[in-house]
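Below: one structure, written as structure tokens.
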Amino acid sequence: MKDRSLLLAIESTCDETAAAVIDRDLRVLSNVVQSQDDLHRRFGGVVPEVASRAHVERIIPAIDEALRRAEAELDDLSAIAVTSRPGLVGSLLVGLTAAKTLSLVLDVPLIDVNHVEAHLFACRMTAGRAVFPAIGLVVSGGHTLLFDCRSSVEFEILGSTIDDAAGEAFDKGAKLLGLPYPGGPALQQAAVAGNPRAVRFPRPLLDSPRLDFSFSGLKTALLYEIQGTSHGRLEPAALDPARVADLAASFQEAIVDVLVGKCRRALERTGRKTLLVGGGVAANRRLRERLAALAAEAACEVVVAAPEFCTDNAAMAAMAWELLARGESAALDLDVSPSPIRKR
Ligand code: KG4
Ligand code: ZN
């Protein structure tokens with residue numbers, strides 16, 4: 001059954017070990033994600049050394065499972081995709097080594113995929129049709145990036161965060177509020193019962209013509225609010241639940257305001273009519289509501305990645321099919337990088 005022509009995609013940029021099998025029509029035949037949240041919870045964040053060791057243990061079982069669920073054999077694979085950047089170097093090396101080995105042994109092309117670009121390709125997977133050209137916003141634990149996407153494989157960075165990423169702001173804010181790890185979903189949950197106008201947090205760089213972001217001041221503002229409540233001592237456990245809900249809702253609203261405001265500005269500046277939003281924070285319900293409102297107001301189409309394609313996964317690396325169609329396969333000396341900037 002050699003003519004099945006399937007792509008195996010491997011993802012190990014941070015703390016998810018993932019493998020997926022995708023056919024040439026971008027149908028996802030399997031999408032295996034092994035989260036390491038349980039390992040990192042007690043540290044309150046991802047510990048790089050713990051992450052790479054866990055990838056070593058999990059990468060082959062994840063690939064096996066992806067093939068099994070897709071009812072595929074190694075012989076059915078006609079290309080291997082791997083996200084080689086950006087991410088934690090030790091984590092990236094595990095996925096890259098597995099991908100190179102399979103490419104060499106099976107004698108099929110190795111395709112180098114940029115993880116942040118793949119977060120936007122997740123919108124193409126979600127829509128099930130062409131969505132480029134577009135403005136793209138990637139909001140994850142490690143990155144907040146605005147792109148002008150000329151095509152499915154041509155991305156120009158318009159702006160990025162000058163300090164914390166949006167997901168990092170969610171995670172650090174949740175920690176200050178005494179909420180569980182990972183912080184983004186926990187803060188969203190806490191915010192449900194809160195008033196988003198209870199506290200007027202700053203909207204960093206929102207009025208600046210730049211398309212860059214800054215979130216570290218917002219985190220400091222939250223810290224001051226909490227300390228004010230606890231009379232100078234930081235005791236999140238002592239905050240009453242209604243206050244936590246108000247702080248969470250107001251903090252979330254500030255992040256969402258900035259993200260939506262910058263997207264609006266990028267759409268206006270470029271004249272693009274489509275906005276793509278991907279990355280872990282794109283799973284946020286309030287952000288999704290506000291993006292839907294932006295679509296109506298700016299008369300543009302907004303495609304937010306489906307929840308299963310928002311947080312790290314390998315299926316989004318299906319953009320390898322597009323790269324392969326342009327003859328872009330990688331050599332076996334491909335290296336990893338912590339930087340999102342791709343050299344083509
Ligand atoms: O894309 P992702 O899985 O990993 C990176 O590439 O960083 O994103 C993870 C980030 C974390 O910061 C997590 O707290 C955040 O996405 N996140 C959320 C939500 N779900 C995940 N942030 C806000 N609301 C959510 N529902
Ligand atoms: Zn990611």
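The values are calculated or read from the model by the stated rules, or taken from the named source; none is laboratory data. Worth saying up front: this structure is predicted, and the values here are computed from it rather than measured. Here the Cβ positions follow ideal geometry from the backbone for every residue, glycine too, while neighbour counts run over all protein chains shown. What goes into the accessible areas is simple: the full protein's heavy atoms, side chains included, and nothing from ligands, DNA or RNA. Shrake-Rupley method; radii C 1.70, N 1.55, O 1.52, S 1.80 Å.
Of the options 332, 61, 196, report the single residue whose Cα projects farthest towards the positive end of the charge dipole of the chain (beta-carbon charges: Lys, Arg +1; Asp, Glu -1). The residue sitting farthest along the positive end of the dipole is 196. Using the Cβ-Cβ distance between residue 162 and residue 288 with R0 set to 22 Å, the FRET efficiency works out to roughly 0.30. A 1.4 Å probe run over the protein chains yields, for segment 1-68, 49 Å² of accessible area per residue, whole-number rounding.
What you get for the chain, charging only the Cβ of Lys and Arg (+1) and of Asp and Glu (-1), is a dipole of about 980 debye around the Cα centre. Within segment 131-309, what is the number of lysine pairs with alpha carbons under 25 Å apart, leaving out pairs fewer than eight places apart on the same chain? Lysine pairs, 8 or more places apart or on different chains, close enough: 5. For the chain, the mean residue ellipticity at 222 nm estimated from helices alone is -13500 deg cm²/dmol, where every DSSP H run of n ≥ 4 contributes -39500 (n - 2.57) and the total is divided by all residues, rounded to the nearest 500. The order of 39, 67 by accessible area, most exposed first and with a 1.4 Å probe, is 39, 67. Axis angle, to the nearest 10 degrees, between helix 48-69 and the longest C-alpha principal axis of the chain: 50 degrees.
Ligands, DNA and RNA left out, the accessible area of the chain computed with a 1.4 Å probe is 52% carbon and sulfur.
Taken per residue, the accessible surface of segment 131-309 reaches 40 Å², heavy atoms only and a 1.4 Å probe.
When the convex hull of the C-alpha atoms of segment 131-309 is computed, what volume per residue in Å³ does it have? Intermediate results must be reported in sequence, preceding the final value.
Numbers: hull volume 18.9 nm³, N = 179.
Dividing the Cα hull volume of segment 131-309 by its residues yields 105 Å³.
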